[in-house]
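Beneath this line is the structure, given in structure tokens, with notes to follow.
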Amino acid sequence: MNSIATEQISTLKISIYRYDPDTGNKPFMQEMDIDIPSDKDIMVLDALHLAKEQDPSISFRRSCREGVCGSDGMNINGKNGLGCITPLSEVVKKNKLEIRPLPGLPVVKDLIVDMTQFVDQYKKIRPYLISDKEDNGKEIPQTVEDRDKLDGLYECILCGCCSTACPSFWWNPDKFLGPAALLQAYRFISDSRDTAREERLDQLEDAFSVFRCHGIMNCVSVCPKGLNPTKAINEIKKMLVKRAL
Amino acid sequence: MAMNGNGKALDANSLPVKEYDGIIIGGGGSGLMSSLQLAQSGMNTAVISKVFPTRSHTVSAQGGITCAIASADPNDDWRWHMYDTVKGSDFIGDQDSIEYMCQEGPATVFELENMGLPFSRTEEGKIYQRAFGGQSKDYGKGGQAERTCAAADRTGHALLHTLYQANVKAGTNFLSEWFAVDLVLNSENQATGVIAFEIESGEAYFLKAKATVLATGGAGRIYKSTTNALINTGDGTGMALRAGLAVQDMEMWQFHPTGIHGAGTLVTEGCRGEGGYLINKDGERFMERYAPNAKDLASRDVVARSMMLEIIEGRGCGPEADHCFLKLDHLGADLLHKRLPGITELSKTFAGIDPAEHPIPVVPTCHYAMGGIPTNVNGQVITQKADGSDSLVEGLYAAGEAACVSVHGGNRLGGNSLLDLVVFGRSAGLHIEESFKQGIDIKDPSKEDINKALRNINRVNISSDGENASVIKKDLQEIMQTSFGVFRREDNMESGIKVIEEIRARAESLHLADKSSRFNTARIEALELLNLLEVAEATAISANERKESRGAHSRDDFPDRDDENWLKHSIYFKGNKEISKRDVNFRPKIVQAFQPFARTY
Ligand SMILES: Cc1cc2nc3c(=O)[nH]c(=O)nc-3n(C[C@H](O)[C@H](O)[C@H](O)COP(=O)(O)OP(=O)(O)OC[C@H]3O[C@@H](n4cnc5c(N)ncnc54)[C@H](O)[C@@H]3O)c2cc1C
Ligand code: SF4
Ligand code: SF4
């Protein structure tokens with residue numbers, strides 16, 4: 001954030017989840033008042049930086065501050081989102097802002113969760129192009145229409161907002177792959193250049209990998225990139241059903 | 001175990017060691033290209049990154065990767081790309097490196113595509129290429145070229161995720177969320193690895209290696225207003241300087257014409273490549289006056305200066321007359337949706353504007369470091385001996401924005417950084433592989449060598465009194481912004497240098513109040529500040545010393561280029577804070593060297 005050059009200031013009550021397992025203390029919500037500009041909107045991440053100026057020990061991840069690196073997924077007044085592109089005007093209610101870590105994953109410290117589970121699920125779907133075409137030193141041709149099929153899929157930033165909002169993911173994290181990984185599974189299934197479609201579908205065929213999704217759509221409503229994992233999951237289900245017939 | 005925390009100092013005697021053949025510091029485009037090469041060679045390597053690799057700043061790159069793959073124009077030629085790059089560099093780019101990059105480029109881009117990179121496509125099913133600034137056909141004689149390969153306006157995201165995926169496939173070993181502190185050099189000035197700690201636990205290690213690659217990215221956060229991520233703090237450059245090594249051309253900072261006013265976030269030059277243009281408060285397309293041929297697609301330094309002149313002369317936009325407008329609405333919502341979807345999103349979020357309807361408020365914003373750690377085409381780090389000759393630092397490599405193989409010289413052309421990352425990330429990997437085959441002989445460091453590398457972090461760990469790093473950082477960014485911006489002048493720079501000296505004194509005694517071990521982001525920010533400070537001071541002193549205007553370095557008091565004295569790289573060491581010169585390479589292997597001429601667009 002650029003420092004705030006403004007005259008008009010108002011006070012916001014911010015409440016931040018704090019936890020450091022090393023101290024032996026239980027998690028608690030830290031309440032603070034921060035001064036924010038009243039004549040312009042700032043982002044939740046900016047508000048966190050203002051809080052951190054008061055208490056430098058508050059820990060959260062952040063990097064690009066423009067919604068492309070996926071570091072700062074967090075639970076903001078009850079809803080998952082990216083701190084850096086969520087304006088206060090969208091989420092603050094009754095002058096209150098409550099920030100918690102993404103739900104359903106172990107907390108490392110404060111707003112920082114352990115993403116190992118999430119990344120492992122991503123790795124399980126073999127998130128890379130598999131092609132048996134021989135490398136001829138040129139591009140593999142792809143039509144504009146085939147390339148269009150990847151739009152809405154490849155843009156995922158692995159922020160984890162969707163999977164950690166998904167009840168099926170909370171309950172079966174070891175078996176259900178979760179919306180983010182499934183979206184990427186569908187990204188490679190849909191790529192005209194990939195030659196491993198059948199193997200990929202084989203891998204997803206068991207009762208849990210895909211079918212634990214009950215279409216609750218939590219994932220869609222929180223994705224900060226406007227992606228639609230539910231739709232991708234449904235497409236995979238359709239393909240599996242069609243194959244079985 | 002050696003914990004960061006509890007106010008105690010770390011010591012070589014109790015520091016655990018992890019040993020590798022090679023370690024790569026950085027999981028951005030350059031680091032991941034090196035690691036891919038090494039993983040495929042079966043060596044015992046690790047990539048260490050202070051953020052999960054796909055969170056590295058390469059993910060933010062928008063417009064594309066420039067390369068003569070002859071998709072938009074079947075007659076395109078890597079030599080034309082080379083000519084543009086040499087001219088763009090204002091002739092202090094090394095021509096052996098530029099030649100290597102432009103010639104090797106196409107094979108590397110096709111390889112990325114084969115790895116799965118979802119490039120946009122042409123009607124013939126080839127990789128889509130768009131126009132970018134400073135691009136020409138036929139050595140400047142054939143008009144505007146379209147040479148930048150793009151995945152919509154999310155090329156960096158597509159590239160970084162693809163490289164990460166390829167590394168997952170290849171089984172690369174990641175130390176994700178580890179922070180590198182300082183290089184360990186032995187008595188023979190060979191690199192033997194790095195001190196680093198696992199951020200989650202706070203446990204510190206000596207990561208010992210026969211080859212160490214610095215791929216730590218940019219340092220745009222030395223300025224108050226920048227397009228760079230918050231993590232772009234020049235850590236590798238700081239490490240090199242503290243290890244007594246040279247840095248090169250640090251005065252050369254690119255100010256990108258179109259940072260969103262007030263937010264600093266970038267909108268790609270690809271906007272102008274797709275037909276957008278800049279206007280002043282009178283609605284005039286002013287670039288027609290400054291660059292009659294290339295107009296809005298002149299080189300970035302030229303466009304940024306023109307915008308600043310419009311603002312200084314009172315033709316800026318907005319209530320403070322302090323920015324310009326980028327007009328895109330005439331392109332139509334369809335094209336914006338297809339080719340510039342990310343830009344549309346960013347403008348809505350950060351400027352509250354839909355570019356399909358209104359122009360975007362933009363201002364030149366610090367974007368890219370052309371300077372950095374000098375290397376040869378193999379990524380081997382070069383330092384300068386007392387007599388002014390080059391010497392290689394054995395065991396040490398650098399690649400990407402942290403390095404200065406000098407393909408960008410005084411001004412980088414758009415899309416050339418991503419190409420630089422993958423070409424030289426690869427060449428460093430190849431050289432390490434080859435060296436291992438030949439056998440590398442690196443002497444073990446002594447306890448004192450290791451303790452030397454622990455000095456900086458220990459100072460922070462045992463600090464008991466002083467200012468908070470974030471306060472000092474703000475002052476540093478402020479002075480860099482006011483004294484070392486687009487236009488520079490001696491008196492202003494000299495007072496800036498004095499302020500930086502004072503800031504250094506404050507930073508020497510900064511206070512880390514929170515001494516906890518686990519995921520202590522305050523500790524990281526304190527260490528990052530010390531790196532920013534090294535980069536800022538190197539920039540300031542180099543800028544004051546280069547008494548001419550060239551590329552992005554523009555001085556009111558020396559408005560002309562001075563080839564007689566300054567057709568040279570500048571070299572800076574932290575020790576004596578003095579500048580020396582180094583020859584620019586004019587010996588490409590295949591083509592004839594391009595000789596300097598007046599640079600107009
Ligand atoms: C907004 C924006 C748009 C851009 N668009 C384009 C474009 O379209 N085309 C183009 O060619 N260029 C573009 N650039 C420039 C280009 O993106 C960068 O120069 C390039 O991505 C840098 O890559 P890198 O591999 O050198 O470093 P980065 O991608 O920045 O990676 C640095 C890595 O080093 C690690 N690291 C740093 N310090 C430490 C430490 N102390 N310990 C451990 N790890 C550390 C980080 O974790 C990270 O993994 C753009 C730049 C910006 C800012
Ligand atoms: S739609 Fe499926 S994946 Fe998405 S939240 Fe609901 S159960 Fe989870
Ligand atoms: S699908 Fe959306 S919410 Fe889920 S990880 Fe990707 S970007 Fe984040």
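The values are calculated or read from the model by the stated rules, or taken from the named source; none is laboratory data. What you are looking at is a predicted structure, and each value in this text was computed from that prediction instead of being measured. A quick note on method: Cβ atoms are made from the backbone with ideal geometry, for glycine too, and the neighbour counts reach across all protein chains shown. Keep in mind that these areas ignore ligands, DNA and RNA; they rest on the heavy atoms of the full protein, side chains included. Shrake-Rupley method; radii C 1.70, N 1.55, O 1.52, S 1.80 Å.
What are the residues in segment A:197-226 that are more than 11 Å from ligand 2 (Cβ to nearest atom), within 14 Å of another protein chain (Cβ to nearest Cβ), buried (at least 17 other Cβ atoms within 10 Å of the Cβ) and assigned to a loop (DSSP other than H, G, I, E, B), if any? If the condition is that a residue be more than 11 Å from ligand 2 (Cβ to nearest atom), within 14 Å of another protein chain (Cβ to nearest Cβ), buried (at least 17 other Cβ atoms within 10 Å of the Cβ) and assigned to a loop (DSSP other than H, G, I, E, B), then A:Pro224, A:Lys225 are the ones that fit. Every condition in (1) in a loop (DSSP other than H, G, I, E, B); (2) crowded, with 21+ Cβ neighbours inside 10 Å; (3) at the interface with another protein chain (Cβ under 8 Å from one of its Cβ atoms) holds for A:Gly137 except the one numbered (2).
Each residue in segment B:121-169 was checked for being open to solvent by 40 Å² or more (accessible area, probe 1.4 Å) and assigned to a helix (DSSP H, G or I), and 1 of them qualify.
Restricting attention to segment B:498-520, the residues that are over 23 Å from the mean Cα position of the chain (by Cα) and of a type in the set (Val, Ile, Thr) total 2.
Counting only residues that are closer than 18 Å to B:Ile524 by Cα and in contact with a Cys (Cβ under 6 Å, 6 or more places away or on another chain), which one in segment A:47-82 is farthest from the other protein chains (Cβ to nearest Cβ)?
Step one: list which residues in segment A:47-82 are closer than 18 Å to B:Ile524 by Cα, which gives A:48-65, A:71-72.
Next, only the ones that are in contact with a Cys (Cβ under 6 Å, 6 or more places away or on another chain) stay: A:63, A:65, A:72.
Numbers: A:Ser63: 5, A:Arg65: 6, A:Asp72: 10 Å.
In this case the residue turns out to be A:Asp72.
A:Ile85 falls short on exactly one of the conditions (1) facing another protein chain (nearest Cβ under 8 Å); (2) without any contact (Cβ under 8 Å) to a residue 40 or more places away in the chain; (3) under 17 Å from A:Leu97 (Cα atoms), and that condition is (2). Just to be sure, is A:Leu158 within 16 Å of ligand 1 (Cβ to nearest atom) and facing chain B (nearest Cβ under 8 Å)? Here the answer is yes, as A:Leu158 does meet what is asked. Restricting to segment B:143-162, name every residue that is within 11 Å of ligand 1 (Cβ to nearest atom) and more than 10 Å from chain A (Cβ to nearest Cβ). Hits for segment B:143-162 are B:Thr148, B:Ala150, B:Asp153, B:Thr155, B:Leu159.
Screening B:Glu320 with (1) free of Cβ contacts under 8 Å to residues at least 60 places away in the same chain; (2) within 14 Å of chain A (Cβ to nearest Cβ); (3) touching a Cys at 6+ places or on another chain (Cβ under 6 Å) gives one miss only, at (3).
Give segment A:31-46 a look and list any residue that's within 14 Å of chain B (Cβ to nearest Cβ) and either open to solvent by 30 Å² or more (accessible area, probe 1.4 Å) or small (Gly, Ala, Ser) (or both), or say none.
Filtering segment A:31-46 down to residues within 14 Å of chain B (Cβ to nearest Cβ) leaves A:37, A:39-46.
Within segment A:31-46, A:Asp39, A:Lys40, A:Asp41 qualify.
Checking the stated criteria, B:Tyr139 turns out to be among the aromatic types (Phe, Trp, Tyr) and in contact with a helix residue (DSSP H, G or I) (Cβ under 8 Å, 6 or more places away or on another chain).
In a residue-by-residue description of segment A:229-244, the property of being under 24 Å from B:Tyr164 (Cα atoms), at pLDDT 95 or above and part of a loop (DSSP other than H, G, I, E, B) applies to no position.
So, B:Asn565, is that one within 27 Å of B:Ala9 (Cβ to Cβ) and out of contact with any Phe, Trp or Tyr (no Cβ under 8 Å at 6 or more places or on another chain) or not? Taking the combined requirement at face value, the residue does not satisfy it.
Considering each residue of segment A:69-104, count those that are within 16 Å of ligand 1 (Cβ to nearest atom), within 21 Å of B:Lys50 (Cα to Cα) and over 11 Å from the mean Cα position of the chain (by Cα), and give that number. Number satisfying all stated conditions: 1. Test B:Ile69 against the stated conditions and say whether it is of a type outside the set (D, E, K, R), outside any strand (DSSP E or B) and away from chain A (no Cβ under 14 Å). So B:Ile69 does not fit the description; no. Out of all the residues in segment B:521-544, is one or more more than 22 Å from the chain's Cα centre (by Cα), within 14 Å of chain A (Cβ to nearest Cβ) and polar (S, T, N, Q)? Looking through segment B:521-544, at least one residue is more than 22 Å from the chain's Cα centre (by Cα), within 14 Å of chain A (Cβ to nearest Cβ) and polar (S, T, N, Q).
Listed by first and then second residue, the pairs linking a residue in segment A:211-232 that is in contact (Cβ under 8 Å) with a residue 40 or more places away in the chain and among the polar types (S, T, N, Q) to a residue that is more than 6 Å from ligand 3 (Cβ to nearest atom) and open to solvent by 60 Å² or more (accessible area, probe 1.4 Å), with Cβ atoms under 6 Å apart and 6 or more places separating them unless they lie on different chains, are A:Thr230/A:Met217.
Which ones in segment A:47-104 are within 16 Å of A:Gln30 (Cβ to Cβ), assigned to a loop (DSSP other than H, G, I, E, B), open to solvent by 20 Å² or more (accessible area, probe 1.4 Å) and not polar (S, T, N, Q)? Matches in segment A:47-104: A:Asp55, A:Pro56.
Considering only residues that are open to solvent by less than 60 Å² (accessible area, probe 1.4 Å), part of a loop (DSSP other than H, G, I, E, B) and away from chain A (no Cβ under 14 Å), which ones fall in segment B:444-472? Lay out the reasoning, then the answer.
Of the residues in segment B:444-472, the ones open to solvent by less than 60 Å² (accessible area, probe 1.4 Å) are B:445-446, B:449-451, B:453-454, B:456-458, B:460-461, B:463, B:466, B:468-470, B:472.
Filter again for part of a loop (DSSP other than H, G, I, E, B), leaving B:445-446, B:463, B:466, B:468.
B:Pro445, B:Ser446, listed by residue number.
Evaluate the following for A:Phe176: is it over 19 Å from the mean Cα position of the chain (by Cα) and in a loop (DSSP other than H, G, I, E, B)? First the steps, then the outcome.
Details: over 19 Å from the mean Cα position of the chain (by Cα): no; in a loop (DSSP other than H, G, I, E, B): yes.
Spelling it out, it is not the case that A:Phe176 is over 19 Å from the mean Cα position of the chain (by Cα) and in a loop (DSSP other than H, G, I, E, B).
Only residues that are touching a strand residue (DSSP E or B) at 6+ places or on another chain (Cβ under 6 Å) and hydrophobic (A, V, I, L, M, F, W, C) were counted across segment A:83-106, and they come to 6.
Residues in segment B:473-495 that are assigned to a helix (DSSP H, G or I) and open to solvent by less than 20 Å² (accessible area, probe 1.4 Å): B:Leu476, B:Met480, B:Ser483, B:Met493.
Taken as a whole, the condition of being open to solvent by less than 20 Å² (accessible area, probe 1.4 Å) and not in a loop (DSSP other than H, G, I, E, B) applies to B:Leu112.
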